[in-house]
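No value in this document is a laboratory result; all are computed from the given coordinates. Predicted model, so just to flag it, every value in this text is computed and none were measured. Here the Cβ positions follow ideal geometry from the backbone for every residue, glycine too, while neighbour counts run over all protein chains shown.
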Amino acid sequence: MLKPYEKWVEEVERLCKPKEVIWCEGSEEEAHKLVEIGIKEEKINNYPVFTELNQKTFPKSYHHRSHPNDVARTEHLTYVCYPDKETAGPNNNWMKPEEAKEKLLPLFRNCMNGRKMYVIPFMMGHPESKFSKPCIQITDSAYVAVSMRIMTRMNKYVLDKIGNSDDFLKGLHSIGDLNPERRFIMHFPEESLVWSVGSGYGGNALLGKKCISLRIASYLGWKEGWLAEHMAIIGIEDPEGKIHYIAAALPSASGKTNLCMLESTLPGYKVWTLGDDIAWMWIENERVYAINPETGFFGVAPGTSMKTNPRMMKALRAGKFYPTLFTNTGINIDTKEPWWEGMEEIPQNLIDWQGNPWKPDSEKPCAHPNARFTVSVYNLETLSPEFDNPKGVPISAIIIGGRRRTTIPLVTESFDWKHGVFLGARMGTETTAAAEKKVGIVRRDPFAMLPFCGYNMGDYFQHWLNIGKSLKNPPKIFLVNWFRTDENGRYLWPGFGENIRVLKWIIDRVNGKVGARETPLGLMPYYEDIDFSGLNLNRENFEKLTQINKDEWKKEIEEIKFFFSTFGKKLPDFLWKCLKKLEEEI
Ligand code: OXD
Ligand code: MN
């Protein structure tokens, strides 16, 4: 008798008709073979899937060039499928499950003809954690298979763990013909199933990440009483050696990776990394605990440098875990090293992300603005010793933050958990290159989850409110904005390592060490309570950073009203009440 997972793999094989089925085990030896296949056999747009980079300066590194039309998440082609539209909510594209399958079956039929099919067993979360999930992804891309080894606990033990049960999450992926007309990322949360076709891009194709660990997991969390969030997790060690853990939701390409590797400019403070993108959180003994279900970083390369993120630069060169991947970066053809805008001085002979010679006066950037590195957490020197603790870490504070040039102050503490849910629900941010759309437009992005919440966000807000009810000592919630500018468009806040000053204030608030001033938006710091030592930030700039501009807020409130009204009856009354109170006070 076939086990349920064997039956599923056989069905997929019959549908997709690969020339060969490879059951992956997750070993390093196997990863070498997969990379070899990517170098010698598989091609994308006539380029080999992998080319070797300089093995001395970037040990174990390879370059990957995607199809030029396949460089970011495609939100307009991403659907959640439930029998009814209301469960999906206005925040998702929706299709009925039968309709979605009918649409995609012809795209999967024979799609792996002449190609290899990889069966990848993996765990999201530590195998001994009660919150981890066994999963299997099927793919026809060696790039995806190798990336999954970096990003997840890919291991054949997962098959033993699944055994005869059908309680595992499934993802079927094919790059198809890479034609955006035939590209879809379909989620079937009620079946713990994802179908993705037509893209090899990380967020669309590494199904353990956004699809399973956020869209499907957020649905499971809603049903089972926990949270799957788009959050980094860090431990902040103070001069006495005490560590506070913080989870931080910032939108895509807005600094979660830099935050979780922050190198403190305040003496005695040190940041430990647990995760840069996803947090699964649950309640235990009336406290919130979190794990990062991933084991790798899929970070934005442009802008990453020894100045902005030295720890990541070292991890990329560390060569501990096999392999490290660079996707759509430029290449220095003299040294065979990857290069991107903002890295360091510009080398003489570069080719751009599409393989064309590139000079600083070229019209287009050398690296794609959403060029990425994929690197194991185990390459990082400051990985928290708690990373592999199946029990997770207790969370003292939750940070949410948008990318906003105006309106939003540097840091605001919510009055309580419920008010924190309001701050998260009304959050807006300027769009970035992580998804295919116009960059720099403000859109509402509650808890940085708009593209990733797998069900109606009205229900999601209520779920957050409900979680608060079972917490005796809930984490404090803070809204931050590192991106406010002055009248000349210059950033008012230096960001990066200097963010530790705001994090220190947050921890001081958690420990009741400093006061705060009450404003209509929430609790804000006094100038004296943030440690600005060694930083040239005068009171006048601090006031600009924390200013509440009435005209900007009138506009903001109108936008929030419009956004809230899209949820109809599903929006918790409490959030309307908070908005009304804010409007009156402004
Ligand atoms: C990511 C994203 O890749 O949010 O993490 O797009
Ligand atoms: Mn992300």
Inset, instruction - Quick one: Debye curve from the alpha-carbon atoms of the range 277-424 only, equal weights, vacuum; give me log10 I(q)/I(0) at q = 0.09, 0.10, 0.11, 0.16 Å⁻¹ to two decimals. - result: -0.43, -0.52, -0.61, -1.00
Inset, instruction - Just order 75-83, 486-494, 133-141 by mean Cβ neighbour count inside 10 Å, highest at the front, would you? - result: 133-141, 75-83, 486-494
Inset, instruction - Mind ranking 307-320, 98-111 by how tightly packed they are, going by the mean number of other C-beta atoms within 10 angstrom, highest first? - result: 307-320, 98-111
Inset, instruction - Output ³J(HN,Hα) for the range 287-302: one whole-Hz value per residue in order, computed from phi by the Karplus curve 6.51 cos²θ - 1.76 cosθ + 1.60 with θ = phi - 60°, and x for Gly and Pro. - result: 10, 8, 10, 9, 10, 9, x, 8, 10, x, 10, 10, x, 6, 6, x
Legend entry - Residue-wise HN-Hα coupling along the range 370-384, computed from phi with Karplus coefficients 6.51, -1.76, 1.60 (Hz; x: Gly, Pro): 10, 4, 9, 10, 10, 9, 6, 4, 6, 7, 8, 5, 9, 5, 4
Inset, instruction - Measure out, as a whole number of angstrom, how far apart the alpha-carbon centroids of the range 1-69 and the range 508-581 sit. - result: 47 Å
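Divide by every residue of the chain the summed helix terms, -39500 (n - 2.57) for each DSSP H run of at least 4, and state the resulting mean residue ellipticity at 222 nm, rounded to the nearest 500 deg cm²/dmol. Kindly include the intermediate steps, with their values, before the conclusion.
On the way: 16 runs with 154 residues, N = 586.
Helix contribution divided over all residues of the chain: -7500 deg cm²/dmol.
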Inset, instruction - At 0.36 nm per residue, minus the direct Cα-Cα distance, what do Leu15 and Asp160 gain on full extension? Give it in nm, one decimal, please. - result: 49.7 nm
Legend entry - Nitroxide proxy distance, nm - points 7 Å out along Cα→Cβ at Asn466 and Ser533: 4.8 nm
Inset, instruction - Can you give me the three principal axis dimensions of the range 198-278 from its C-alpha atoms, in Å, biggest first? - result: 48, 31, 16
Inset, instruction - Please get the size of the charge dipole for the range 469-543, origin at its Cα centre, with Cβ charges of +1 on Lys and Arg and -1 on Asp and Glu, quoted in debye to the nearest 20. - result: 520 debye
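Pairs Lys133/Lys170; Lys40/Lys60; Lys242/Lys307; Lys550/Lys581; Lys469/Lys504; Lys320/Lys359: which exceed 21 Å Cα-Cα?
On the way: Lys133/Lys170 11 Å; Lys40/Lys60 17 Å; Lys242/Lys307 27 Å; Lys550/Lys581 15 Å; Lys469/Lys504 27 Å; Lys320/Lys359 33 Å.
Violating the 21 Å limit, Cα to Cα: Lys242/Lys307; Lys469/Lys504; Lys320/Lys359.
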Inset, instruction - Please work out the C-alpha center-to-center distance from the range 147-195 to the range 369-431 and express it in whole Å. - result: 26 Å
Inset, instruction - Could you give the spread of the C-alpha atoms of the range 296-379 along their three principal axes, from largest to smallest, in whole angstroms? - result: 37, 23, 22
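Using only alpha carbon pairs under 8 Å that are at least six residues apart, calculate the relative contact order of the chain and give it in whole percent. List each step's numbers first, then the result.
Details: 1301 pairs, mean separation 85.5, N = 586.
Here the relative contact order equals 15 percent.
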Inset, instruction - Name the residues whose placed amide hydrogens come within less than 5 Å of the amide hydrogen of Thr519, ignoring near sequence neighbours (fewer than 5 apart) on the same chain. - result: Met524
Inset, instruction - Obtain the nm distance between the two label points defined at Ser362 and Lys314 by a simple spin-label model: each point lies 7 Å from its Cα along the Cα-to-C-beta direction. - result: 3.2 nm
Inset, instruction - Send over the per residue convex hull volume for the chain, Cα only, as a whole number of Å³. - result: 149 Å³
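Kirkwood Rh, the range 125-193, all Cα pairs: how many Å? Intermediate results must be reported in sequence, preceding the final value.
Working: mean 1/r = 0.0729 Å⁻¹.
One over the average 1/r among Cα pairs gives 13.7 Å for the range 125-193.
Tell me the net charge near Ser213. Cut-off is 15 Å between Cβ atoms, Ser213 excluded, with +1 for each Lys or Arg and -1 for each Asp or Glu.
Net local charge, Ser213 excluded: +3.
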